[in-house]
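Notes to accompany the following structure.
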Amino acid sequence: MEQHNPWVTIESHKVYENNWIGLTEHQVINPSGGQGIYGEVHFKNYAIGILPLDEDHNTWLVGQYRYPIKAYSWEIPEGGGPLETEPLESAQRELAEETGLIATEWLELQRMHLSNSVSNELAIIYIARGLTMGQSSPEETEALSIRKLPFEEAYQMVIQGQITDSMSVAAILRTKILIQEGHL
C-alpha cells in the first residue's frame with residue numbers, strides 16, 4: 001500500500017559534487033511537524049553487481065581494500081554503470097574488467113536501494129553463466145585479488161559474517177535460494 005509523502009521541503013541547496021556523487025542539504029518539515037535538515041546523496045551511476053556461476057556451481061569473489069570502511073572486503077564483482085548506459089552492458093564490462101570472465105548468459109537477479117535513508121543509489125545485480133576466462137583489466141583505483149571458490153563456500157562466508165558488502169550478501173543469499181529450488 002502506497003503512502004503519501006509526509007515531508008515538506010522548504011528549500012534545497014547543493015553542498016558538494018564530484019564525478020560520482022552530489023550532496024544536497026534540504027531544509028525540511030519532518031513528518032511530526034518539526035523543522036530540520038535532511039542530507040541526501042545523489043549517485044551519478046548505478047551500482048552494478050555480478051555473481052558469476054559456472055556449471056559446477058563455482059563462483060568468483062573480488063577482494064580489495066575499501067577506503068570508506070578502512071578494511072579489506074571480499075565481494076562479488078561490482079562497479080558503477082552510467083545512468084545513460086544499459087545496466088547489462090555495464091555488468092558485462094565490470095565482470096570482464098575485474099575478473100577477466102566473459103559470460104554468454106545473464107539473469108537479472110534483483111534491484112535494491114543500498115542506503116535509502118540518505119541516498120538514491122540503485123543497485124542492479126546479475127547472475128552470469130556460460131563463463132569463459134579472458135584477461136582482467138582493473139581500473140587504476142583497484143588493487144584486486146580474484147578468488148575462484150565453490151559457491152557454497154561463498155555462502156558460508158556470508159553466514160559467518162566474512163562477507164559484509166550488501167550487494168554481495170543479497171546476491172549470494174538470493175542465489176542460494178534459487179539453487180535450493182532447482183532454478184540454477
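The values are calculated or read from the model by the stated rules, or taken from the named source; none is laboratory data. Keep in mind it's a predicted model, so treat the numbers as computed, not measured. Positions of Cβ are generated from backbone atoms using ideal geometry, with glycine treated the same way; all protein chains shown enter the neighbour counts.
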Practice task
State which residue is surrounded by the fewest Cβ atoms within 10 Å (Cβ to Cβ) when the search covers only region 20-53 and only residues that are out of contact with any Lys or Arg (no Cβ under 7 Å at 6 or more places or on another chain) and not in a strand (DSSP E or B).
Solution key: Ser32
Completion exercise
Out of (1) assigned to a loop (DSSP other than H, G, I, E, B); (2) under 16 Å from Asp165 (Cβ atoms), the one Thr85 does not meet is (2)
Handout entry: Options Ala123, Ala96, Ala128, Ala103: the member that is in contact (Cβ under 8 Å) with a residue 40 or more places away in the chain, among the aliphatic types (A, V, I, L, M), buried (at least 16 other Cβ atoms within 10 Å of the Cβ) and not in a strand (DSSP E or B)
Key = Ala96
Practice task
Count, please, the residues in region 133-176 that happen to be modelled with pLDDT of 95 or more and surrounded by 11 or more Cβ atoms within 10 Å (Cβ to Cβ).
Solution key: 28
Exercise for the section: Would you check if there is a residue in region 61-82 being over 16 Å from the mean Cα position of the chain (by Cα), in a strand (DSSP E or B) and aliphatic (A, V, I, L, M)? Expected result: yes
